[in-house]
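All remarks here apply to the structure that follows.
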Amino acid sequence: MIELETKVKLPFLWGRAVFKKTNWNQVNLIVGPNGSGKTLLAEEIARQFSEKGFEVDFLRSERFNQEELLSILKEDFSVREKIEGVISNMFGKTIRFEETPDGSVVPMVENRAWGVEYSLRDGECHGLKEILTLLVALYGLKSPVLILDEPELHLHPQFQYFFMNEIRKVAAEDSKRIFFLITHSPYFIDLRFAEDLLGVVVCHVNRVPTSIDYLSEKDESLFRRFLPRFNTYHKQFFFSDNQIFVEGYTDQQMFTNLLDCLESHYGTAGTGVIDVGGKDELGVFFKVCSLLGTEGRIITDLDSLFAGKLRDVVCEDDRVIAWLEKQKEKQMPFYKSLFTRRELESPVTLEKLIYRFESYIVAIGKAVCEIDFSVSPEIDIFIEKLKALYDKYEKPEGLDTFKTVVLMGILRLSAEIQDILPIPLARTIPLIVNATWFILAAIESARVYILPLGCIEHYYVCSDVKYMPISAKDRLFHHEVEEMVSQSPDELRKNYWSLIEILKKACAK
């Protein structure tokens, strides 16, 4: 870790705001969408490092100094020998550097399979030329600070991985060297340890760049468990503020197919839907986005209210806390219907609301399961689903699935359920309904959107899916998608209007 206070002002890009960062890693990444000022920021960082006595080399994306770099090969035999070996192994060709009468160095390539030799400049691909330039800059330039603009240019992903590993090796050999990579490529987002996040600077369109200067012990522990599962596909969010995260591939496919149904003013340009593999992973992405200052949006199932890391981090989010504070006076009559006077002596937090909410839901679920007579086809299906959980588990009331099924039943059948419950419990049904929408609104203040019908399968048009858990999900999904792709945009808007409304919220600026 290098401590060097950096302050950058670029009013024409982000107004009066000032980018500030003090702690720099040996390897730092400057990322973000096109037009967000990455190169301009890097130029300012270079200037300020220079003013503090650091010599800086800046390899720009135009590569104007390519010939100058190649001259290093003439002067430094050790660099020349190392690059000859590396390039030969990478491309399966013999590469040597030949001095011409005028003293310049010409890279020559021999295709061993055909015994043909030719000049690298005249006959070789852009990729080999690019990796050659990058390696000369990495091995041959000895300045303490090296800034590389778009090192991914013309490089196949495997060579991007290779070059990033070479940077890591050089950094490990010389702790005084500092690297900055300005990149659009997820293959350079090489985050192996939680502290690697401290070296990421995210640029945004029309607002100041953001970064992390400090990780709490709790956050560090969270990321340490998560990073091994953080793949190249997931890293898209570093390059856009418009990414939407969902749990699984079925959600990802459904919402992706519906994105084109939104009008352009909802901000779908540059929007991608990324499936992360589970509820807990959503919590980690939420936390990373919060710390890095990216506008990550999350669409998740109803059961996220009752368990998982996402619930934990949303409850702690400053936006949610601020939203609840603004609602305090207006919602006091509602709070008094949920909490005792003593309970209201301390602030009403989201966690406190959900905890009371859960207690009502569990009480209703237990009471419903004691009903042993037929009520109506809809209520009977609801009771049957709850009783099946009692048959399968010893104490299902503690499960998020149990609470979700009860809540789904209440939202679907509130009047009918009130009629079959004892009066004291029946009176809590309107409280639960009101609390549901209030809690969902609080969570939306943090750009997290919960599917109120349950999960994505409950929005299918081709199948009538009731409650959770759901069997044969894969079969249901493929049947639904086959039907979706055959529909026109107008038909999709009509059939999936409720999902589209959620997408509109998620895509809104």
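The values are calculated or read from the model by the stated rules, or taken from the named source; none is laboratory data. Since this is a predicted model, take the numbers as computed values, not measurements. Glycine also receives a Cβ, built like all others from the backbone with ideal geometry; neighbour counts cover every protein chain displayed. Accessible surface is based on the protein model in full, side chains and every heavy atom, while ligands, DNA and RNA are left aside. Shrake-Rupley method; radii C 1.70, N 1.55, O 1.52, S 1.80 Å.
Please count how many residues of the stretch 66-75 are open to solvent by 20 Å² or more (accessible area, probe 1.4 Å) and under 24 Å from LEU153 (Cβ atoms).
Residues flagged as open to solvent by 20 Å² or more (accessible area, probe 1.4 Å) and under 24 Å from LEU153 (Cβ atoms) within the stretch 66-75 amount to 5.
For LEU191, work out the one condition from (1) under 30 Å from GLU217 (Cα atoms); (2) assigned to a helix (DSSP H, G or I) it doesn't fulfil.
(2)
Kindly indicate whether any position in the stretch 314-325 is over 16 Å from the mean Cα position of the chain (by Cα), under 28 Å from HIS458 (Cα atoms) and open to solvent by 20 Å² or more (accessible area, probe 1.4 Å).
Scanning the stretch 314-325 turns up at least one residue that is over 16 Å from the mean Cα position of the chain (by Cα), under 28 Å from HIS458 (Cα atoms) and open to solvent by 20 Å² or more (accessible area, probe 1.4 Å).
Name the pairs: first residue in the stretch 402-418 and over 14 Å from LYS366 (Cβ atoms) and among the acidic types (Asp, Glu), second residue in a helix (DSSP H, G or I) and open to solvent by 50 Å² or more (accessible area, probe 1.4 Å), Cβ to Cβ under 8 Å, at least 6 apart or on different chains?
GLU416/GLU378
What about ILE410, is it part of a helix (DSSP H, G or I) and out of contact with any His (no Cβ under 8 Å at 6 or more places or on another chain)?
Yes.
If I ask for residues that are exposed (fewer than 14 other Cβ atoms within 10 Å of the Cβ) and not acidic (Asp, Glu), which ones from the stretch 480-495 would you list?
Correct list: VAL485, SER486, SER488, PRO489, LYS494.
Considering only residues that are among the hydrophobic types (A, V, I, L, M, F, W, C), open to solvent by 50 Å² or more (accessible area, probe 1.4 Å) and either outside any helix (DSSP H, G or I) or over 12 Å from TYR467 (Cα atoms) (or both), which ones fall in the stretch 368-387?
Passing the criteria: PHE373, VAL375.
Being outside any loop (DSSP other than H, G, I, E, B) and of a type in the set (Lys, Arg) is the filter; apply it to the stretch 139-188 and report the residue that is most open to solvent (accessible area, probe 1.4 Å).
Looking at residues that are outside any loop (DSSP other than H, G, I, E, B) and of a type in the set (Lys, Arg), I get LYS169.
Find the residue count for the stretch 302-350, including only residues that are free of Cβ contacts under 8 Å to residues at least 40 places away in the same chain, more than 30 Å from ASP251 (Cα to Cα) and in a loop (DSSP other than H, G, I, E, B).
Summing the residues that are free of Cβ contacts under 8 Å to residues at least 40 places away in the same chain, more than 30 Å from ASP251 (Cα to Cα) and in a loop (DSSP other than H, G, I, E, B) in the stretch 302-350 gives 10.
Only one of THR256, THR300, THR294 is within 29 Å of PHE19 (Cβ to Cβ), of a type in the set (Ser, Thr, Tyr) and out of contact with any Pro (no Cβ under 8 Å at 6 or more places or on another chain). Can you tell me which?
THR294 is the lone residue from the list that is within 29 Å of PHE19 (Cβ to Cβ), of a type in the set (Ser, Thr, Tyr) and out of contact with any Pro (no Cβ under 8 Å at 6 or more places or on another chain).
Can you tell me which residue in the stretch 277-297 is most open to solvent (accessible area, probe 1.4 Å), limited to those that are out of contact with any Asp or Glu (no Cβ under 9 Å at 6 or more places or on another chain) and under 20 Å from ASP251 (Cα atoms)?
Among those that are out of contact with any Asp or Glu (no Cβ under 9 Å at 6 or more places or on another chain) and under 20 Å from ASP251 (Cα atoms), it is ASP280.
Which one is least open to solvent (accessible area, probe 1.4 Å), of the residues in the stretch 189-237 that are free of Cβ contacts under 8 Å to residues at least 60 places away in the same chain and among the small types (Gly, Ala, Ser)?
Checked the stretch 189-237; the qualifying residue least open to solvent (accessible area, probe 1.4 Å) is ALA194.
GLY15 versus (1) under 26 Å from the mean Cα position of the chain (by Cα); (2) surrounded by fewer than 13 Cβ atoms within 10 Å (Cβ to Cβ); (3) farther than 14 Å from LEU197 by Cα: which is the lone unmet condition?
Unmet for GLY15, out of (1) under 26 Å from the mean Cα position of the chain (by Cα); (2) surrounded by fewer than 13 Cβ atoms within 10 Å (Cβ to Cβ); (3) farther than 14 Å from LEU197 by Cα: (1).
How many residues are part of a loop (DSSP other than H, G, I, E, B), closer than 28 Å to TRP437 by Cα, modelled with pLDDT under 95 and not small (Gly, Ala, Ser) when one looks only at the stretch 472-509?
1
With respect to CYS462, determine if the residue is open to solvent by less than 70 Å² (accessible area, probe 1.4 Å) and under 28 Å from the mean Cα position of the chain (by Cα).
Considered against the rule, which asks whether it is open to solvent by less than 70 Å² (accessible area, probe 1.4 Å) and under 28 Å from the mean Cα position of the chain (by Cα), CYS462 comes out as no.
Which one is modelled with the lowest pLDDT, of the residues in the stretch 34-58 that are in a loop (DSSP other than H, G, I, E, B) and buried (at least 18 other Cβ atoms within 10 Å of the Cβ)?
SER36
What do you reckon, is GLU263 among the acidic types (Asp, Glu), surrounded by fewer than 20 Cβ atoms within 10 Å (Cβ to Cβ) and touching a residue at least 12 places away in the same chain (Cβ under 8 Å)?
No.
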